[in-house]
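Beneath this line is the structure, given in structure tokens, with notes to follow.
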Amino acid sequence: MDLRWFRLAWHRLSSSIGLRWSRLAWHRLWKPLLISALVLVVLTCGLLGLSGGSSSAGVRLRVKVSNGSSDEIHVCLCSDDTDLRPAAVAIKSAHMNAANPERLFFHFITTPELAPVFQELFAVYLVGISVEVHADAELQGKITSFISFRESSRARLILASPFNFAPFYLHEYLAIRKSSGQEVKVPDRLIYLDTDTLIMGDLAELQEIDLEGHPCGAVKYCLQTMDNYIDFHVVEELGYTNYDPKACIANRGLLVIDVQRWIALDLTGKIEMWLGHYRDSKADLWLGGMSQPPWLLAMNGKFLELSDEWNCNSLGRDSMSPEEAQSLRQSGFDHAALRNIGAKFGEYGGVTPYVVSCSATGKMLHFNGAVKPWAVAKIPLEQKLPACALPENMPPTKFEWE
């Protein structure tokens, strides 16, 4: 397989689609986002009463208000991370790769304290892009009440954020927004994106997909199965026997949601039920994740399978499991090819670093995992970085990786 390889090429990817980033451009372009300055602005807004404080009333800030047109494509992202760079890249890349970018309307869900700051930053750095920032202290508190973190779960603590679960409440966040004192109708379809994504395709394709009565569409990932995350002995002890432990998982880094079907099937309620089981169970009901397992259990495979190119994932992982490595070899990578890109082999057949070939043609590149490209300066020198195939629609630039 003749692939051009690069190491964690966030900056090259971004610069090639016109985001004005170079290898070090994060720091040059986003100097106003220094944490100390951001904290100062947040505190100032709080003192001036702009953040909404502890009030249960929602904060709604807009660059432009949606008019509810059926031509609009509503895209949602959720985060309470003070570093807004990854979200800005996700939004900008989606806008630049859309055939009709004027159809895109972005909803960003965050905390009441950060909402006014983020709205100003979006207005400054994403000129001409429609972004509405949402925050609601009461709903955020409700979500938090369902979250339990267990040290034994092997999950990263950052995944216990309520905004890791906010994608299951998109319709509730959007339902309470108002324009000129009038209720604004929740769109019939929502597209959800994780903030650690880069969009290389046209989201209009997802807007037009027939979900065939399913509550949502997602990309199936068969190199991991349900029992990689979930302890089905505990599930069966709870009285649930209608699951296939060897069923493929789906990655919820991108979801296409039919809002009315989602509500009719009470999927949010089912997710809350599983979160309750997790909290009350003596044993770990699931491991290695926080929001993915309860969503998988609530869905139980009842989603429309989207094309693989809409979630090329694991660009933020540093190693491959034996099963993933075996699949890579079956695709044409023998030991010699892997050695040529500096790969090393584990005792049980795993491979380091993670090798991503789907990035050559992927329409969404997902940097899920602990190795984030915008934080590459903090990564230890000995840390193996993912090796990713150069996207076909990304011409070489002067920022070559050695």
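The values are calculated or read from the model by the stated rules, or taken from the named source; none is laboratory data. Every value quoted in this text rests on a predicted model; they were computed, and no experiment measured them. As a convention, Cβ positions derive from the backbone with ideal geometry for all residues, glycine included, and neighbour counts pool all protein chains shown.
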Task: Hits in the range 225-242 (condition: in a loop (DSSP other than H, G, I, E, B) and closer than 15 Å to Q292 by Cβ) - done: Y229, D231
Open item on the list: For the range 90-97, check the following and say yes or no: at least one residue is more than 19 Å from M364 (Cα to Cα), of a type outside the set (D, E, K, R) and at pLDDT 95 or above.
Closed with: no
Task: Pairs with Cβ under 8 Å, 6+ apart, first in the range 300-324 and within 29 Å of L211 (Cα to Cα), second of a type in the set (G, A, S) and part of a helix (DSSP H, G or I) - done: C312/S359; L315/S359
Task: Test: residue in the range 326-333 that is surrounded by fewer than 17 Cβ atoms within 10 Å (Cβ to Cβ), closer than 30 Å to V235 by Cα and not hydroxyl-bearing (S, T, Y) - done: yes
Open item on the list: I need every pair where a residue in the range 325-342 that is more than 12 Å from S357 (Cβ to Cβ) has its Cβ under 6 Å from the Cβ of a residue that is of a type outside the set (A, V, I, L, M, F, W, C), sequence separation at least 6 or different chains.
Closed with: A325/G349; A325/G350
TODO: Looking only at the range 66-82, decide whether some residue is out of contact with any helix residue (DSSP H, G or I) (no Cβ under 7 Å at 6 or more places or on another chain), at pLDDT 90 or above, over 21 Å from A115 (Cβ atoms) and surrounded by fewer than 17 Cβ atoms within 10 Å (Cβ to Cβ).
DONE: no
Open item on the list: Give me the helices (runs of 4 or more DSSP H) completely within the range 291-382, filtered to those with at least 1 residues that are under 26 Å from I230 (Cβ atoms) and touching a Leu at 6+ places or on another chain (Cβ under 7 Å), ordered by residue number.
Closed with: 292-299, 322-330
Open item on the list: Tell me whether the range 98-110 contains one or more residues that are of a type in the set (S, T, N, Q), within 20 Å of Y173 (Cα to Cα) and at pLDDT 95 or above.
Closed with: yes
Open item on the list: Only one of L275, L267, L296, L287 is touching a residue at least 12 places away in the same chain (Cβ under 8 Å), among the aliphatic types (A, V, I, L, M), buried (at least 16 other Cβ atoms within 10 Å of the Cβ) and closer than 24 Å to R317 by Cα. Can you tell me which?
Closed with: L296
Task: Residues (in a strand (DSSP E or B) and either charged (D, E, K, R) or touching a helix residue (DSSP H, G or I) at 6+ places or on another chain (Cβ under 6 Å) (or both)) located in the range 107-123 - done: I109
